[in-house]
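> Okay, handing you the structure first.
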Amino acid sequence: SGGQRQRVALGRAIIRKPKVFLMDEPLSNLDARLRVDMRAQLKKLHQELKITTVYVTHDQAEALSLSERIAVLNRGEIQHLGTPQDVYLKPATLFVGGFIGSPPMNFLSGTIRKAQPLEIDCNGITLSPALETMPVGTVVTIGIRPENITVSNKNSGGDIEITVSIVEPAGSFNWVDAEWNGVPMKGTANLEAVLKPGDAAYMSFPAEKIVVFDAASEKRL
């Protein structure tokens, strides 16, 4: 099979003990379970052999789990070069924020109302995130990862009211697609929260998990 041929090719490359491995999506023909097993084996081999490996993949989970450093490319240009944690938590550009992570990051438009202290109008609420640099203009893009959004059928005080669109079971939790004043959002809910399409629900997210991008340059602020 194609998967067997890929594994044989990997074995042939490894046994030669080259100075550098160049791997172009070597696990693409494997089924999901085998791909996870092979990923762990490759990481173990890399730790044992200590051979520099350049690994090309479109699978974000593969990139995050295997790498010591990730280079995210878009149209032939490196958008971000850093550790997996850095690329995930502090994406350099809007593209990186939307590309790394599954499901992708939620994006909303925001307008800076006040600079000191910072206040951003975002879909009817005011946000005051910490920024490393201040934007040149007044329009920004707010990014929030779905896993940082908690959806519940109870308002714990100060939560944002939303309307549930879709509930997707994911085993130990549920993914929830919802609308917030006409803007589609995706978050998580625990199994105890009974949610159905059309229901009113409430979402919350920590302010420190918000990522802000300049709307014009699309760079993180």
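> Calculate how steeply helix 32-49 sits against the longest principal axis of the alpha-carbon atoms of the chain, using the helix alpha-carbon long axis, and give the answer as 0 to 90 degrees to the nearest 10.
60
> Could I ask something else about it? Modelled label-to-label distance, Ala9 and Lys44, 7 Å Cα→beta-carbon offset: nm?
In this crude spin-label approximation the distance works out to 2.3 nm.
> Helix 2-15 versus the longest principal axis of the chain: what is the Cα-based angle in degrees, 0 to 90, to the nearest 10?
Roughly 70 degrees, rounded to the nearest 10.
> Give me the percent of DSSP beta bridges within region 1-149 that run antiparallel, rounded to the nearest 5. Provide the component values of the computation, followed by the final result.
Numbers: 17 of 22 bridges.
Restricted to region 1-149, the bridges split so that about 75 percent are antiparallel.
> Right, something else. From the cross-link list Lys19/Lys90; Lys17/Lys43; Lys114/Lys186; Lys19/Lys43; Lys90/Lys209, which pairs have alpha carbons spaced over 21 Å apart?
Cα-Cα > 21 Å for Lys19/Lys90; Lys114/Lys186; rest within.
> For the chain, report the accessible area per residue in Å² (1.4 Å probe, heavy atoms, rounded to an integer).
Details: 13040 Å² over 221 residues.
So the chain comes to 59 Å² accessible per residue, rounded to a whole number.
> Measure off, as a whole percent, the carbon and sulfur share of the 1.4 Å-probe accessible area of region 65-209, all protein chains present.
For region 65-209, the apolar C and S fraction of the accessible surface comes to 52 percent.
> Under 15 Å from a label point 7 Å along Cα→Cβ of Asn155: give me every residue in region 194-213 with its amide N that close.
200-204
> Pop the C-beta distance of Asp37 and Ala71 into the FRET formula with R0 = 22 Å and round what comes out to the nearest 0.05.
0.30
> Now for a different question. Roughly how many Å² of Ser165 are accessible to a 1.4 Å probe, to the nearest 10?
Spelled out: Ser165, probe radius 1.4 Å, area about 50 Å².
The values are calculated or read from the model by the stated rules, or taken from the named source; none is laboratory data. For clarity, every value in this text was computed on a predicted model and none was experimentally measured. No Cβ is skipped: glycine too gets one built from the backbone with ideal geometry, and neighbour counts run over all protein chains shown. Each accessible area value is taken on the protein alone, full model and side chains, heavy atoms only, with ligands, DNA and RNA left out. Shrake-Rupley method; radii C 1.70, N 1.55, O 1.52, S 1.80 Å.
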